[in-house]
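Chemist: Sharing a structure here in structure tokens format.
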Ligand code: SF4
């Protein structure tokens, strides 16, 4: 067992597919890539989310489970997770704020990521990774009782009209199959990278790193 307990933010897990160096710097060195906020997309996203608050999930889109949509800042932290690799064990916790929880029958819940548009198949692994991470934090929290997670999915808004009354469209639910073994396999690979003493190489010709290298070379 290594001494360090890594703190993973589900929102950083999408970096894994984009650039392992950026993932390492964000998760292990607390040196995240600067974000470039898109205010319009942020505003649309917030409006869409607020319109979902309290709605019956099964009335929003075909295939959604029965329950109520709870939109808010759900601050989550998991108990330490032990991730076994062949010659050692790593420990990590999942920590972050989740936007959308589906309150299902009894104490069970579902977890959803809300996006504009329907997610491309290539984007689903990153959604799945984040949703599995949230599921760990909900089912095995650091404090208090856990709740069973019975559904994971991506809720995408497909705009159809942009008229004077605003944007109208339809919601589509893309369910994500639960596969904890695959998620733990990902954690084993990711934590093995984070445990290295230095970050892996970056993505070739990434404009951020090209700019940073040019700055170092020129001294500007
Ligand atoms: S190459 Fe780009 S994505 Fe990778 S570490 Fe540099 S800034 Fe981040």
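Chemist: Quick one: which of 79-85, 184-190, 92-98 comes out on top by average Cβ neighbours within 10 Å, and what's the full order, highest first?
Modeler: Going from most to least packed, we get 92-98, 184-190, 79-85.
Chemist: Let me ask another. So if we plug the beta-carbon distance of residue 84 and residue 120 into 1/(1 + (r/R0)^6) with R0 = 25 Å, what FRET efficiency do we get, rounded to 0.05? Before the final figure, lay out the partial values.
Modeler: Details: r = 33 Å, r/R0 = 1.31.
Efficiency for this residue pair is about 0.15.
Chemist: What distance in nm separates the two pseudo spin-label positions at residue 29 and residue 179, each 7 Å out from Cα along the beta-carbon direction?
Modeler: Between residue 29 and residue 179, the label points sit 3.2 nm apart.
Chemist: Measure out, as a whole number of angstrom, how far apart the alpha-carbon centroids of the stretch 47-88 and the stretch 173-220 sit.
Modeler: What the calculation gives is 25 Å, centre to centre.
Chemist: Still on this model: Indicate, rounded to the nearest 5 percent, the antiparallel portion of the DSSP beta bridges found entirely in the stretch 1-103. Walk me through the numbers before you get to the answer.
Modeler: On the way: 14 of 18 bridges.
Beta bridges within the stretch 1-103, antiparallel portion: roughly 80 percent.
Chemist: Relative to the first principal axis of the alpha-carbon coordinates of the chain, what is the inclination of helix 124-139, with its axis defined by its Cα atoms, in degrees from 0 to 90 and to the nearest 10?
Modeler: Compared with the principal axis, the helix lies near 80 degrees.
Chemist: Using 1/(1 + (r/R0)^6) with R0 = 45 angstrom and r between the beta carbons of residue 143 and residue 217, what's the FRET efficiency to the nearest 0.05?
Modeler: 0.40
Chemist: Moving on. If the elastic network links every pair of Cα atoms under 10 Å, which of 102, 205, 155 fluctuates the most in the Gaussian network model of the chain?
Modeler: Between 102, 205, 155, it is 205 that shows the largest mean-square fluctuation.
Chemist: Take the Cα atoms of the chain, build their convex hull, and give its volume per residue in Å³. Can you show the working numbers first?
Modeler: Details: hull volume 34.2 nm³, N = 220.
Convex hull of Cα atoms, per residue: 155 Å³.
Chemist: Take the Cα atoms of the stretch 41-117, build their convex hull, and give its volume per residue in Å³.
Modeler: Working: hull volume 11.7 nm³, N = 77.
Roughly 152 Å³ of hull volume per residue.
Chemist: Between residue 11 and residue 66, what length comes free when the chain is fully extended (0.36 nm per residue of separation minus the Cα-Cα distance, one decimal in nm)?
Modeler: Working: separation 55, 0.36 × 55 = 19.80 nm, distance 2.65 nm.
Full extension from residue 11 to residue 66 adds 17.2 nm.
None of the figures in this text is laboratory data; all of them are computed from the coordinates on show. The shown structure was predicted, so the numbers you read here are calculated from the model rather than taken from an experiment. Here the Cβ is made from the backbone with ideal geometry for all residues, glycine too, and neighbour counts use every protein chain on show.
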